[in-house]
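Peer 1: What follows is a single structure, and I will ask about it in a moment.
Bear in mind that the values in this text are calculations on the coordinates, not laboratory data. Model, not experiment: these values are computed from the prediction. Cβ sites come from the backbone with ideal geometry, for glycine too, and all protein chains shown count toward neighbours.
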Amino acid sequence: MRERLLEIESVTMKFGGVTAIDALSFAIARGEIYGLIGPNGAGKTTIFNIITGNYRPTSGRVLFRGEDISGIKASEAVHRGIARTFQNIRLFKSMSVLENILIGLHEQTKYSYIEAILRLPRYFSYEKMMREKAMEILEEFAIAGFAHSNASALSYGNQRKVEIARALATNPTLLMLDEPAAGMNPIETEELSRIIRKIKEDYDLTILLIEHDMKFVNAICDRVTVLDYGEKIFDGSPADAVVDEKVISAYLGEFRNA
C-alpha cells in the first residue's frame, strides 16, 4: 500500500447500550478513492462523524497523516485538511452559488480584520483572488453559469455539486462525500463520477465516500469497506464486494425488511 493518509484502528462507538461501530479497522492510502458502503443503519455516517470530530470514539484511534486525531473539534478537522459533505444538503440557500463557495475559501484569507474594515488594498487584492479561485472551482463542476443564481434555485443535482465544490474550496487533503450521487439521475451520476475523478487528480485529493449506488461505486472506487450493524464484513475491490456472500446477504436483508 502507498503512504497511509487515514487509519481507523479498532474503533468502537457506543451510544448507551447500543454498539454503533464495533472494533472497526481500515486504512486509506494517499490518492485513493475509497468507498464505505453497507445497508441503512450500518454505521457509515457514524464513522464520518468520528473522523470529523463530531463524535469521540468510545475506544480505538483515528490517525490522519500518522497523528492521532480522535476526538478533535470539527473546526480543527477543517484546519488539518479534512472536508466533508452531508447526506442532507446543507447550503446557504439564501446566498448565491458564488457566495457559498467563497464561504469555503474564507479560511484562506490573508488580510486582517482591520484591513477588511478599513478596505485597505490587500483586502481588495485577496477578495479578487478568492473570487477568481471560486469561479475556477465552479468551472470544474460545470456550474459557473449559475454563479450569481440563488443556491435554492438550482436543481437538486446541481445543489449537490455546489456542496461538493464548497468543501473543495477549503483546500482539503481528504475529501469526504456522504452519498454524493443521492437523488441524481443516471446521466447526472455519470457526470459526477467524471468530475470526482478529475478533481482528485487536479487537486491531489484522497476521497472517502459513502454511497448506495453500486454502479457508481464500481465506476469510481479503488477499494471499499462494507459494514453491517457496525461490523466490517468485507474489505477489498468493489468488483469482489458485489459477489461476496456476506455482502449479498446484508443487502438482501435490507431489501426484505424494507
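Peer 1: Just how large is the dipole of the stretch 150-258 about the Cα centre, in debye to the nearest 20, putting +1 at every Lys and Arg Cβ and -1 at every Asp and Glu Cβ?
Peer 2: 280
Peer 1: Explain nothing, just the number: relative contact order of the chain, from Cα pairs under 8 Å at least 6 residues apart, as a whole percent.
Peer 2: Once divided by the residue count of the chain, the mean separation gives 27 percent.
Peer 1: Which of these, A134, A167, A29, has the largest mean-square fluctuation under a Gaussian network model of the chain (Cα springs below 10 Å)?
Peer 2: Most flexible of the set in this elastic network: A29.
Peer 1: Just how many % of Cα pairs in the chain lie over 27 Å apart, if you round to the nearest whole percent?
Peer 2: When every Cα pair of the chain is considered, 40 percent fall beyond 27 Å.
Peer 1: Order by neighbour count: K232, K161, K198, fewest other Cβ atoms within 10 Å first, most last.
Peer 2: Listed from fewest to most nearby Cβ atoms, that is K198, K232, K161.
Peer 1: Sticking with this one: Please work out whether the stretch 168-258 counts as rounded, prolate or oblate from its C-alpha gyration tensor, where a ≥ b ≥ c are the square roots of the eigenvalues and a/c under 1.5 means rounded, while otherwise a/b larger than b/c means prolate and anything else oblate?
Peer 2: Taking the square roots of the gyration eigenvalues as a ≥ b ≥ c, the stretch 168-258 is prolate.
Peer 1: Mark the label point 7 Å from the Cα of H79 along Cα→Cβ and return the residues of the stretch 173-205 whose backbone N is within less than 19 Å of it.
Peer 2: Only 173-174 fall inside the zone, counting backbone N under 19 Å.
Peer 1: Using a 10 Å cut-off around each Cβ, can you sort M13, M176, M95, M130 from fewest to most neighbouring Cβ atoms?
Peer 2: Least crowded to most crowded, the residues run M95, M130, M13, M176.
Peer 1: Give the calculated FRET efficiency between A29 and K198 to the nearest 0.05, with a Förster radius of 25 Å applied to their Cβ-Cβ distance.
Peer 2: 0.80
Peer 1: Give me the distance in nm between label points sitting 7 Å out from Cα along the Cα-to-Cβ direction at E3 and L63, one decimal.
Peer 2: Label-label distance for E3 and L63, simple model: 1.5 nm.
Peer 1: Follow-up question, since we're still on this one. So what are the ³J(HN,Hα) numbers for the stretch 56-61, from phi and the Karplus equation (6.51, -1.76, 1.60; θ = phi - 60°), rounded to whole Hz, Gly and Pro as x?
Peer 2: Ordered by residue, 3J(HN,Hα) equals 9, x, 4, 7, x, 9 Hz.
Peer 1: On a C-alpha basis, how far is the centre of the stretch 3-33 from the centre of the stretch 124-172 in Å? Whole number, if you could?
Peer 2: 31
Peer 1: Within the chain, what percent of beta bridges assigned by DSSP are antiparallel, to the nearest 5?
Peer 2: Among the beta bridges of the chain, antiparallel pairing accounts for roughly 55 percent.
Peer 1: Just report the Cα centroid separation between the stretch 221-241 and the stretch 39-58, whole Å.
Peer 2: Distance between centres, Cα-based: 16 Å.
Peer 1: Then there's this: Nearest 20 debye, what's the magnitude of the dipole of the chain about its Cα centre given +1 on Lys and Arg Cβ and -1 on Asp and Glu Cβ?
Peer 2: For the chain, the charge dipole is close to 720 debye.
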